[in-house]
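The values are calculated or read from the model by the stated rules, or taken from the named source; none is laboratory data. What you see is a predicted model, and the numbers here were worked out from it, not measured in a lab. We place every Cβ from the backbone using ideal geometry, glycine too, and count neighbours over all the protein chains shown. For the accessible areas, the whole protein counts, side chains as well, though only heavy atoms, and no ligand, DNA or RNA atoms are used. Shrake-Rupley method; radii C 1.70, N 1.55, O 1.52, S 1.80 Å.
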Amino acid sequence: PLSGVSMWAQPPGGQVALGDRLVLSCAVAARTGPLSFSWHQVGSWAPVVTGPRLELHHTGDNDSGHYHCRVSNGDSMAESVPLNVTVLGECDAQA
């Protein structure tokens, strides 16, 4: 079974200025077999992207929200704890 799904953000904490780049990465501590990764924004069933990394090259206001990664090995599935991504607008970045 899968366990220990973790994710982290660059920049750390998931706070990014409007238009900047954000990278979310996902890893699994215990695994068996080939893994498939998908990224989800809380509130939407459709995956944002598949793969162990989610890269937002030019973040926009609609990119703010909670994200989690889902990992499957065909037999079982596990999810990370959601991470809150905050896109700071120009007014917020100057504060």
Problem set entry | Qualifying residue in segment 28-50 (condition: of a type in the set (S, T, N, Q) and at pLDDT below 90) | yes
For this session: Search segment 9-23 for residues that are free of Cβ contacts under 8 Å to residues at least 24 places away in the same chain and pair each with any residue that is open to solvent by less than 10 Å² (accessible area, probe 1.4 Å) and part of a loop (DSSP other than H, G, I, E, B) when their beta-carbon atoms are under 8 Å apart and the residues are at least 6 apart or on different chains.
Result: none
Seminar exercise, completed: Restricted to segment 2-25 and to residues being in contact with a His (Cβ under 9 Å, 6 or more places away or on another chain) and surrounded by fewer than 14 Cβ atoms within 10 Å (Cβ to Cβ), the residue nearest to GLY74 (Cα to Cα) is ARG21
For this session: All but one of (1) open to solvent by less than 70 Å² (accessible area, probe 1.4 Å); (2) over 12 Å from LEU83 (Cβ atoms); (3) among the aliphatic types (A, V, I, L, M); (4) free of Cβ contacts under 8 Å to residues at least 40 places away in the same chain hold for VAL28, so report the exception by its number.
Result: (4)
Exercise. How many of the residues in segment 41-93 are open to solvent by 70 Å² or more (accessible area, probe 1.4 Å), outside any loop (DSSP other than H, G, I, E, B), of a type in the set (A, V, I, L, M) and under 14 Å from GLY14 (Cα atoms)?
Worked result: 0
